[in-house]
Amino acid sequence: MSDSQPDYSQPEALEAYFKRKAEQESLAQAQAEQEAKELSAYDACVLKESAQVKELIAQAQAKDGHKD
């Protein structure tokens, strides 16, 4: 085995590897959840703005309908 490769034949080294791997996966999952929350907040904002635009369009069409 070369010196650059960790020696996973030792239980302590293998345990440390799995612990680091679990921490990395946990961080990746937390980041993915945070991105999902941010996307959800963005989606909510877009939906709110879209509803306001539709309301303004409906008001404008109603005004045009009264003029005729």
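No lab work stands behind these numbers, since they all come straight from the coordinates. On a predicted model such as this, the values are computed, not experimentally measured, just so you know.
Note on Q29 and A41: the extension gain reaches 2.5 nm, defined as 0.36 nm multiplied by sequence separation minus the Cα-Cα distance. Principal-axis analysis of the Cα atoms of the chain puts helix 11-67 at an angle of about 0° to the longest axis. Along its three principal directions, the equivalent ellipsoid of region 6-61 from the Cα gyration tensor extends over semi-axes of 52, 5, 4 Å, largest first.
Potential lengthening of the chain between Q61 and A13 amounts to 10.1 nm, from the contour at 0.36 nm per residue minus the alpha-carbon distance.
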